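So the structure is just underneath, and the comments pick up after that.
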Amino acid sequence: MLNLDTLILVQVCVTLLTTALLAASACYTESPPEQRWWAWGNVVICAGLALTNMPSLPVVVDNILGYGVIGFGIALVLRGLRVHFSSTLSWRTVAVITAIALLVPAYYTLVTPSLRARLCFSGFYFAILNWMCAATIARHGRLRVTGISVAGFSVLGVGLLLRGMHMLLHPDPADSASSLVMGLSTLAIPLAQICIAFGLIMMVSWRYSERLRRLSTLDALTGALNRAGLEIQGKRVGLRALRGGRSLAVIMIDVDYFKVINDSHGHPVGDEVLRHLARLLKMELRPHDLMARFGGEEFVLVLDDVNLAAAINVAERLRARIEREMVELDKLSVRYTASMGVVCSDEHGYDLIRLISAGDAAMYEAKRAGRNRVVGA
């Protein structure tokens, strides 16, 4: 038989440890705001649990305020989860969650005193709040990263629900069935708390790793791939095309007279031209195509399952659209053109470096021929 007193002690210790872990992870200067919400939420929950387990305190504090504090703490955790997924939980909603956690226990303490009803309500209500946390993560997150948090909140909700249901069906907490259910739920709760704490930290770690990956593979100005990102993803696209027996086309694009634009209008205008060009190129791409800023004012497109003739048509369409477009910044309007070189794996093989080199040569041939034109090779 599970010893309930020992399990409660374990639950208290795990609660304190997981709270300390979340608080410590939120204490450094650059910590994201959601970590601070989670840490504060767990600190508040600990305070609420302490209040509800001190029978020597006045009944209003022990039987009413403690439940309200726990509800407020879970609402803060839920707010942190919403913030993590670029949403929010209004303070009005936090107040409503806290008010319900206060008013119902107050009714069963002051108006119709019933320990059983109060415990049933707390089990059901806090189970629902934890499932709301699980649903928030599952709806927005990737389960391979967030699965441990979803499981933790879900199991915690189940444990609290079992407590509430058992109190509703078995008013005598001293019988063996009640002791077993209470013991199992008390065992499940600290395990769930460990999953939640490590899951939340894992979610933040994954978010930081994604930011580092983006910084290392994306161009900060245009959002296109940089050379490192092109090398990584280009090899994958080339290998897939080779295995599938499909053509792979590369379009090299260079802004004409870009130095003149910078010298005449300033670098902010030049930067806006590059951003404008990147937006136009992205509109032309399919989901499995690649776009990279190869250096300075030079961009490269990698098109899967596109032969040379089709790639030249794409380049001509882009060239004509770029020529028609106007870049506007601070009441200044600028037109620009681009020269393009187009090559295909049918003539140059699937090695991306060779394709880019051949495309670069074709692009410079377009510049020598007068700029604002497409040359295929």
* Asked: Which peptide among 294-306, 112-124 comes first, and what is the full order, when sorted by highest mean count of other Cβ atoms within 10 Å?
  -> 294-306, 112-124
* ³J(HN,Hα) across the stretch 253-265 via Karplus (A = 6.51, B = -1.76, C = 1.60, θ = phi - 60°), whole Hz, x for Gly/Pro? -> 10, 9, 6, 6, 6, 5, 4, 5, 4, 4, 5, 7, 10
* Structure fact -> Expressed as a whole-number percentage, the relative contact order of the stretch 18-166 with C-alpha contacts under 8 angstrom and at least six residues apart is 19 percent
* Asked: Relative contact order for the chain: what is it in percent, counting Cα pairs under 8 Å that are at least 6 residues apart?
  -> 12 percent
* Relative contact order for the stretch 281-377, counting Cα pairs under 8 Å that sit 6 or more residues apart, in percent -> 24 percent
* To do: Assuming 1.002 mPa s and 20 °C, estimate D for the chain with Stokes-Einstein, Rh taken as the Kirkwood radius over Cα pairs, in µm²/s.
  => 85 µm²/s
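Given the peptides 79-88, 228-237, arrange them by the average over their residues of other C-beta atoms within 10 Å, most packed first.
Ranking, from highest mean packing down: 79-88, 228-237.
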* **Candidate aspartates and glutamates for bridging to Lys331, where Cα separation is under 14 Å - those fewer than 8 sequence places away on the same chain excluded** => Glu272
* With only Lys, Arg, Asp and Glu charged, each at its Cβ (+1 for the first two, -1 for the last two), find how big the charge dipole of the stretch 183-317 is about the Cα centre; round to the nearest 20 debye. => 660 debye
* Contour excess over end-to-end distance, with Cα ends at Ala228 and Arg246 and 0.36 nm allotted per residue -> 4.1 nm
* Asked: Which whole-angstrom value gives the distance between the alpha carbon centres of the stretch 61-116 and the stretch 207-227?
  -> 41 Å
* To do: With a 1.4 Å probe and every protein chain left in place, work out the accessible area per residue of the chain in Å², rounded to a whole number.
  => 49 Å²
* For the chain, give the share of DSSP beta bridges that are antiparallel, in percent and rounded to the nearest 5; count only bridges with both residues there. => 85 percent
* Asked: Given a 1.4 Å probe and every protein chain left where it sits, what share in percent of the accessible area of the chain is carbon and sulfur?
  -> 63 percent
* Asked: How much accessible surface area, in Å² rounded to 10, belongs to the heavy atoms of His170 with a 1.4 Å probe?
  -> 60 Å²
* Asked: Along the charge dipole of the stretch 72-181, which of His84, His166, Met132 sits closest to the positive end, that is, farthest toward it, with unit charges on the beta carbon of Lys, Arg, Asp and Glu (+1, +1, -1, -1)?
  -> His84
* Structure fact -> SASA check, Thr19, accessible area w/ 1.4 Å probe, all protein chains in place, rounded to nearest 10 Å², comes out at 10 Å²
* Given charges at beta-carbon only (K, R positive; D, E negative), |dipole| of the chain in Debye -> 340 debye
* Asked: For Lys259, which lysines qualify as cross-link partners when the Cα separation must be under 18 Å and same-chain residues fewer than eight apart are set aside?
  -> Lys367
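The values are calculated or read from the model by the stated rules, or taken from the named source; none is laboratory data. Model, not experiment: these values are computed from the prediction. FYI the Cβ positions are ideal-geometry reconstructions off the backbone, even for glycines, and counts take in every protein chain you see. SASA here: full protein model, heavy atoms, side chains in, ligands and nucleic acids out. Shrake-Rupley method; radii C 1.70, N 1.55, O 1.52, S 1.80 Å.
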